[in-house]
DNA sequence: GGGCATGGTGGGAGCGCTCTCAAACCGTCC
DNA sequence: GGACGGTTTGAGAGCGCTCCCACCATGCCC
């Protein structure tokens, strides 16, 4: 463990002395200045300025019993997901909102089941005020693990059934977005609308499938094709689909990456988009959406906003510690119409 | 800012009472047990166990003046680099080593120049013991910014000339690795060896160019082609190269991603690798190297190890606060021979 | 057998801050 | 003019921990 970081920094005591007030008053000013008369506020502020005073975090934590830090728990297998712009955006939102709340982001990297003990100890050890985690796979033990530490937490993404339901989460309206996408294809006049789905062990993918079925109750099972959210799987799925049902004229694809793969297959097969086959994606990921030809119609979700929301929910959880757990939030999605459908 | 994280946790006082010793002795045991007789050590350990005691970090920080946290500063434009497996691996290494040192990773996300103030204040505010930053572009102001805060820090990657030279860094032996790659092409009998370079404002790319020139002192300038580390730029550069000098028979590419692009172009032009053109990449990135056809010969650098090294260097810096700054470390690279050269 | 190192232990101060509580102050009203 | 209510202010008590230092057993030597 490291050592002292700098020469002795000025204490509140010093500020108070310089401003000619008591430590208590100085403290009040530093923490907002409520109930202190303006002239004194100014004096203290000036002293702070002159001395370059910065509050000692540890001392403050010690008495307030809060430490102004939130853990973002990332499981090793999901780390690859940093390559996923989705995750990046979410972390960005979290980071921004945390900054706004004067809290810091402590990255907790879970190396695998063998690492669970360490994580639980850390989380339970009162180093952070709360935790943010992502529930990506149904078989993920992480949520349960964190749940056991009894630390306030919020999930990103709806946890699979079976997970602790008292833990609030933030998720996009995957099902509603899917419905809107499919309805859009219907309204365009598409008759045989297929769905290229994401991995079924992810609730988001499953919800999108459900949304598809909400609109197309009796859809031919042949029109449902499985992908794994990668571009290649989208291309493959599209080919499969075309082989099974050459008459498909509309496809709702579970994410943009797969949609771009599907687009590639369609192009290779000489099919026009949207004339022969209309395509709707999901995510509205700039890196994909901006580059496809034709531009991709897709369902947008505010990923960064979801990240921010996770933090807000956690903060609420922390501040109303006694009260009931805040409700989860489902953020709306919007259909962004471009050229592909 | 958040609130108390759990019900009152046991204090050292409680542990001491239960073990029938003084708080001082309990503290000694918790911190290693030096100079405490075995029977007492056992008693205290047992009390810790039974009570589920976890030291209060804030209280400890308050007196030790260390806070067991290290900032990893990531500039917004570089964040995209999380999609770069390079960065991911480096952060992984950092995370692991930090864990080994009982320190936590505080992620500091710099949103742009407007954010510099906040970062400087945070870094200077004694919240973390030190900082780790990446110096990726010559024009990056971040290193200078952190430097001004006088906080102990270590760079990942050699900073551009002009940066604070007293700050130690960890970098791969880019120049040496490049030399080895080019020499390998020479020994294979290649006569016209080209280089597809990375962005010149990155020292790593420049160093690789220099290594190329070390071996091929009088290389035809036409044999040097500029890329930007993306797959597409590699493909484009290879095409350009082929147009300018159809007689190239060997290419050293500044990273694997560009090499895979170059490979694509070569395939499209009907050229055999390595028979017609031999190819050597840089990085040994699994995701690329494993998928190319033929398998890519490349220069490996131990990226995760570099991350760990950054942490070790920082720890040394922190522990020998008085002494001279530790020297920077250049980690060796190794040529991994596969099929492409 | 008393003096003296030696290593083990406990007492207690204090890290820098917040927060309670009582004192001091002000203006107002009877 | 004094009592009273309300607002500011300051004194002081900790928060939980580490670490200095005095203390106390030992064991050893002369």
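Determine whether the stretch B:72-83 contains at least one residue that is more than 29 Å from residue A:111 (Cα to Cα), more than 10 Å from DNA strand D (Cβ to nearest atom) and modelled with pLDDT under 90.
No, there is no match, as no residue in the stretch B:72-83 is more than 29 Å from residue A:111 (Cα to Cα), more than 10 Å from DNA strand D (Cβ to nearest atom) and modelled with pLDDT under 90.
Among the residues of the stretch A:196-227, which ones are within 17 Å of residue A:282 (Cα to Cα), surrounded by fewer than 18 Cβ atoms within 10 Å (Cβ to Cβ) and modelled with pLDDT under 95?
Matches in the stretch A:196-227: A:199, A:200.
Looking at (1) in contact (Cβ under 8 Å) with a residue 40 or more places away in the chain; (2) out of contact with any helix residue (DSSP H, G or I) (no Cβ under 9 Å at 6 or more places or on another chain), which is the only condition residue B:246 fails?
Status for residue B:246: all satisfied but (1).
Checking residue B:169 against (1) modelled with pLDDT under 80; (2) away from every other protein chain (no Cβ under 14 Å), which test does it fail?
Among (1) modelled with pLDDT under 80; (2) away from every other protein chain (no Cβ under 14 Å), residue B:169 violates only (1).
Is there a residue in the stretch A:28-49 that is more than 16 Å from DNA strand D (Cβ to nearest atom), at pLDDT 90 or above and on the phi < 0 side of the Ramachandran plot?
yes
Which one is surrounded by the most Cβ atoms within 10 Å (Cβ to Cβ) among residues in the stretch B:22-39 that are more than 6 Å from DNA strand C (Cβ to nearest atom) and assigned to a loop (DSSP other than H, G, I, E, B)?
Result: B:33.
Pairs under 7 Å by beta carbon, first residue closer than 19 Å to residue B:131 by Cα and within 14 Å of chain B (Cβ to nearest Cβ) in the stretch A:1-23, partner assigned to a helix (DSSP H, G or I) and at pLDDT 90 or above, six or more apart or different chains?
Final answer for the pair search is A:2/B:315.
Using beta carbons and a limit of 6 Å, which pairs, at least six apart or on different chains, have the first residue in the stretch A:112-133 and more than 7 Å from chain B (Cβ to nearest Cβ) and over 28 Å from residue A:316 (Cβ atoms) and the second one at pLDDT below 80 and outside any strand (DSSP E or B)?
Listed pairs, sorted by first residue: A:112/A:76.
The values are calculated or read from the model by the stated rules, or taken from the named source; none is laboratory data. What you are looking at is a predicted structure, and each value in this text was computed from that prediction instead of being measured. Cβ atoms come from the backbone with ideal geometry, glycine included; neighbour counts cover every protein chain shown.
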